[in-house]
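The values are calculated or read from the model by the stated rules, or taken from the named source; none is laboratory data. Keep in mind that what you see is a predicted model, and the values were worked out from it rather than measured. All Cβ positions, even for glycine, are placed from backbone atoms using ideal geometry, and neighbour counts span all protein chains on display.
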Amino acid sequence: MKKSKWIFILSIPLLAILIFLTILVVSMGTSLLSIFTEDKTEFNGMYLGPIGEQEIPAEFIPIYQRAAEQYGLDQWIILAAIHRVETRFSTLGVMESPVGATGPVQFMPCTWMGWSHPSCGGLGRGGISNGDLINPELITKYGGYGVDANGDGKADPSDIEDAIFSAAKYLTANMSMDGKYSDPLKNAVYAYNHADWVRP
């Protein structure tokens with residue numbers, strides 16, 4: 001068999017893999033971007049696309065709204081979008097990623113606790129005990145973003161209220177920083193998840 005035929009045969013599975021990866025990346029991006037589609041419907045004071053209108057669980061909306069109001073976010077929908085992208089509104093069976101991000105909106109432990117914690121470095125998994133991770137006093141000490149939103153004395157990244165309020169706090173803090181985009185909100189979302197498809 002000629003060399004050109006072998007090249008053609010071997011290229012078929014590679015092409016299939018490339019097509020699969022392209023579809024995967026596009027579908028992941030759509031999870032966030034489809035909420036901000038041109039085909040808009042007014043919903044609860046905001047404008048949502050079809051996916052946003054149909055998928056956002058009603059019980060989470062007041063949490064998004066309170067968190068956005070407390071931390072000065074104009075669009076509570078961005079919190080819903082992040083929640084959807086990270087854990088499909090907390091419906092994933094496993095709420096911890098392979099790199100150690102945890103909870104409804106996938107905080108890395110060192111981002112939650114604060115990067116000045118002695119164990120923090122690298123990707124941010126750290127060596128923080130579960131008891132320390134939810135301690136509001138230690139989070140304040142180490143400059144983390146974890147928040148005790150429900151007033152139970154714990155700032156728990158696995159608790160939906162604590163997680164959403166902490167995400168709002170993180171976004172607001174990063175909106176004031178310079179970044180690759182001219183829009184502060186885009187910079188904040190990019191800081192949350194360093195991927196160009198994860199942006200409003």
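Among the residues of region 85-137, those that are of a type in the set (S, T, N, Q), touching a helix residue (DSSP H, G or I) at 6+ places or on another chain (Cβ under 9 Å) and crowded, with 16+ Cβ neighbours inside 10 Å comprise 90, 102, 106, 111, 135.
Within region 127-143, the set of residues being in contact with a Leu (Cβ under 9 Å, 6 or more places away or on another chain) and touching a residue at least 24 places away in the same chain (Cβ under 8 Å) comprises 139 only.
The residue list 76, 115 contains one member that is modelled with pLDDT of 95 or more and not polar (S, T, N, Q), which is 115. Scanning region 133-161 for residues that are of a type in the set (Val, Ile, Thr), within 15 Å of residue 113 (Cα to Cα) and not in a loop (DSSP other than H, G, I, E, B), we see that the one that is farthest from the chain's Cα centre (by Cα) is 140. Can you tell me which of 146, 122 is small (Gly, Ala, Ser) and in contact (Cβ under 8 Å) with a residue 24 or more places away in the chain? The match here is 146.
Tell me, please, whether a residue that is out of contact with any Lys or Arg (no Cβ under 8 Å at 6 or more places or on another chain), of a type in the set (D, E, K, R) and part of a helix (DSSP H, G or I) can be found in region 162-172. Checking region 162-172: at least one residue is out of contact with any Lys or Arg (no Cβ under 8 Å at 6 or more places or on another chain), of a type in the set (D, E, K, R) and part of a helix (DSSP H, G or I). Evaluation of residue 37 against the conditions (1) modelled with pLDDT of 50 or more; (2) more than 20 Å from residue 192 (Cβ to Cβ); (3) among the hydroxyl-bearing types (Ser, Thr, Tyr) shows that the sole unmet condition is (1).
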